[in-house]
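*Asks:* Take a look at the following structure, please.
The values are calculated or read from the model by the stated rules, or taken from the named source; none is laboratory data. Keep in mind that what you see is a predicted model, and the values were worked out from it rather than measured. Backbone-built Cβ (ideal geometry, glycine too); neighbour counts: all protein chains shown.
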Amino acid sequence: MKIIVAVKQVPERDAPVRIASSRQWIEESDLQFAMNESDAYALEEALQLKEKVGGEVVVISAGPERVATTIREALAKGADRAIHVECDDIGKRDALGVARLLAEAIRPENPDLVLTGLQSDDLGYGQTGVVMAELLSLPHASLILHVEKTDVGISVKRELEEGWFQKIELPTPAVLMIQSGGTRLRYATLMGIKRAKTKELRKVNAADLGIESAPVAVLENISLPHKQRSTQILQGTAKEAAATLVEKLKFEVRVI
């Protein structure tokens, strides 16, 4: 079974974010980057499936030169080879633009399964995997926690609301969006890190894929969220004030 895993390099969660002088993107020069969390779970699911049924795990990632560090991390964890879609303006492309890049790079591989994370930690579109499935004309499912190979395709466990789960069957090839937390992530071993240096890392760019280099979406201006503080005095008795406070926390602030 050939499994392709799309991973994204994102800023670390605790990294301080500053707006670039152009006001069109964030300042990346002093940021630390890491593998997107749900993509890490997609990689882990692919590696576990390979260990059970055999085959090959191929990692694909789109972005500038720095993305190679995240790709090497995936190779160190056990992926067999990788494809780097070189794209310096990846942050300015919307879900459709990124999905086009990935779909065209994936198409010649003819995979049995394509796994992506449910959404990215930075932009959080939650659409790239679904759009990619449509471009590849493949069935898809999201919120996946576990995948099993069957005689006719795959069986997947989906997370629904309020602790409910769903088990469905899909034919292959298919595209799956993996939810975080379905399994325990492995660490790259010292031997894995050494082996990663010798594994194949093929580079392609938008021109090689027949896609225009211009971004699909143009960001004209971005800004940090505006912080605003206000004070409200709740009138009435203590009981009435408490009831009003609960309503505000539930429906306005939405923390309970």
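A quick yes/no check of all residues on (1) more than 18 Å from ARG107 (Cα to Cα); (2) of a type outside the set (S, T, N, Q); (3) out of contact with any strand residue (DSSP E or B) (no Cβ under 8 Å at 6 or more places or on another chain):
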residue	(1), (2), (3)
GLU27	yes, yes, no
SER38	yes, no, no
VAL67	yes, yes, no
ALA82	no, yes, no
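*Asks:* Residues in the range 63-105 that are under 21 Å from GLU45 (Cα atoms) and of a type in the set (Asp, Glu): how many?
*Replies:* 2
*Asks:* Still on this structure, I have one more. ARG158 passes all but one of (1) assigned to a loop (DSSP other than H, G, I, E, B); (2) among the charged types (D, E, K, R); (3) free of Cβ contacts under 8 Å to residues at least 24 places away in the same chain; which number fails?
*Replies:* In the conditions (1) assigned to a loop (DSSP other than H, G, I, E, B); (2) among the charged types (D, E, K, R); (3) free of Cβ contacts under 8 Å to residues at least 24 places away in the same chain, ARG158 misses (1) alone.
*Asks:* Hey, among LEU145, LEU123, which residue is outside any strand (DSSP E or B), aliphatic (A, V, I, L, M) and either more than 30 Å from TRP25 (Cβ to Cβ) or at pLDDT below 90 (or both)?
*Replies:* The unique qualifying residue is LEU123.
*Asks:* Also, quick follow-up: Could you please give the count of residues in the range 101-120 that are more than 14 Å from the chain's Cα centre (by Cα) and surrounded by 22 or more Cβ atoms within 10 Å (Cβ to Cβ)? Talk me through it step by step, then tell me what you get.
*Replies:* First, the residues of the range 101-120 that are more than 14 Å from the chain's Cα centre (by Cα): 101, 103-113.
Then drop every residue that is not surrounded by 22 or more Cβ atoms within 10 Å (Cβ to Cβ), which leaves 101, 103, 105-106, 111, 113.
Residues in the range 101-120 being more than 14 Å from the chain's Cα centre (by Cα) and surrounded by 22 or more Cβ atoms within 10 Å (Cβ to Cβ): 6 in total.
*Asks:* Could you check the range 44-77 and list, in sequence order, the residues that are part of a loop (DSSP other than H, G, I, E, B), in contact (Cβ under 8 Å) with a residue 40 or more places away in the chain and either crowded, with 22+ Cβ neighbours inside 10 Å or on the phi < 0 side of the Ramachandran plot (or both)? Steps first, please.
*Replies:* Taking the range 44-77 as the starting set, the residues that turn out to be part of a loop (DSSP other than H, G, I, E, B) are 54-55, 64-66.
Within this subset, residues satisfying the condition of being in contact (Cβ under 8 Å) with a residue 40 or more places away in the chain are 54-55, 66.
The one that is part of a loop (DSSP other than H, G, I, E, B), in contact (Cβ under 8 Å) with a residue 40 or more places away in the chain and either crowded, with 22+ Cβ neighbours inside 10 Å or on the phi < 0 side of the Ramachandran plot (or both): ARG66.
*Asks:* Would you please name the residue that is nearest to ARG66 (Cα to Cα), looking only at residues in the range 189-212 that are among the charged types (D, E, K, R) and part of a strand (DSSP E or B)?
*Replies:* As a first pass, look at the range 189-212 and keep what is among the charged types (D, E, K, R): 194-195, 197, 199-200, 202-203, 208, 212.
Remaining after also requiring part of a strand (DSSP E or B): 202-203.
Numbers: ARG202: 15, LYS203: 13 Å.
That would be LYS203.
*Asks:* Taking the range 212-256, which residues are closer than 30 Å to ARG93 by Cα, surrounded by 11 or more Cβ atoms within 10 Å (Cβ to Cβ) and either more than 27 Å from the chain's Cα centre (by Cα) or at pLDDT 80 or above (or both)?
*Replies:* Of everything in the range 212-256, just one residue is closer than 30 Å to ARG93 by Cα, surrounded by 11 or more Cβ atoms within 10 Å (Cβ to Cβ) and either more than 27 Å from the chain's Cα centre (by Cα) or at pLDDT 80 or above (or both), namely ILE222.
*Asks:* Pull up the range 12-27, narrow it to residues that are touching a residue at least 24 places away in the same chain (Cβ under 8 Å) and of a type in the set (D, E, K, R), then point me to the one that is surrounded by the fewest Cβ atoms within 10 Å (Cβ to Cβ). Break it down into steps so the answer makes sense when it comes.
*Replies:* Pass one, the range 12-27, residues touching a residue at least 24 places away in the same chain (Cβ under 8 Å): 13, 17, 19, 23-26.
If we keep only those that are of a type in the set (D, E, K, R) as well, we get 13, 23.
Details: ARG13: 9, ARG23: 11.
Looking at residues that are touching a residue at least 24 places away in the same chain (Cβ under 8 Å) and of a type in the set (D, E, K, R), I get ARG13.
*Asks:* Name the residues in the range 33-43 that are farther than 19 Å from MET177 by Cβ and either surrounded by 24 or more Cβ atoms within 10 Å (Cβ to Cβ) or over 15 Å from the mean Cα position of the chain (by Cα) (or both), would you?
*Replies:* First pass over the range 33-43, keeping only residues farther than 19 Å from MET177 by Cβ: 33-34.
Selection gives nothing.
*Asks:* Continuing with the same structure: Look at ARG81 and say whether it is under 13 Å from ALA6 (Cα atoms) and in contact (Cβ under 8 Å) with a residue 24 or more places away in the chain.
*Replies:* On the way: under 13 Å from ALA6 (Cα atoms): yes; in contact (Cβ under 8 Å) with a residue 24 or more places away in the chain: yes.
It is true that ARG81 is under 13 Å from ALA6 (Cα atoms) and in contact (Cβ under 8 Å) with a residue 24 or more places away in the chain.
*Asks:* Under 9 Å between Cβ atoms, which residue pairs at least 6 apart in sequence (or on different chains) link something in the range 219-246 that is of a type in the set (Asp, Glu) with a partner that is surrounded by 12 or more Cβ atoms within 10 Å (Cβ to Cβ) and part of a loop (DSSP other than H, G, I, E, B)?
*Replies:* Filtered contacts from the range 219-246: GLU220/GLN24; GLU240/LEU234.
*Asks:* Then there is this: Sort out which residues of the range 78-99 are in a loop (DSSP other than H, G, I, E, B), within 16 Å of the chain's Cα centre (by Cα) and of a type outside the set (Lys, Arg), and write them in order of number. It would help to see each step written out before you state the result.
*Replies:* In the first step, residues of the range 78-99 are kept if they are in a loop (DSSP other than H, G, I, E, B); the result is 78-80, 87-89, 93-94.
Filter once more, keeping what is within 16 Å of the chain's Cα centre (by Cα): 93-94.
Passing the criteria: only ASP94.
*Asks:* Can you find, within the range 166-188, the residue that is nearest to ASP112 (Cα to Cα) among those that are outside any loop (DSSP other than H, G, I, E, B) and aliphatic (A, V, I, L, M)? Even if it seems obvious, please write down each step before you answer.
*Replies:* Let us first name the residues in the range 166-188 that are outside any loop (DSSP other than H, G, I, E, B), namely 166-170, 174-178.
Applying the additional criterion that residues be aliphatic (A, V, I, L, M) yields 168, 170, 174-178.
Working: ILE168: 17, LEU170: 12, ALA174: 7, VAL175: 9, LEU176: 11, MET177: 15, ILE178: 16 Å.
Among those residues, the one meeting the criterion is ALA174.
*Asks:* Give all pairs with beta carbons closer than 6 Å in which a residue from the range 184-202 that is in contact (Cβ under 8 Å) with a residue 24 or more places away in the chain and loosely packed, with under 13 Cβ neighbours inside 10 Å meets a residue that is basic (Lys, Arg) and not in a helix (DSSP H, G or I); count only pairs at least 6 apart in sequence or on separate chains.
*Replies:* Qualifying pairs under 6 Å: GLU200/ARG81.
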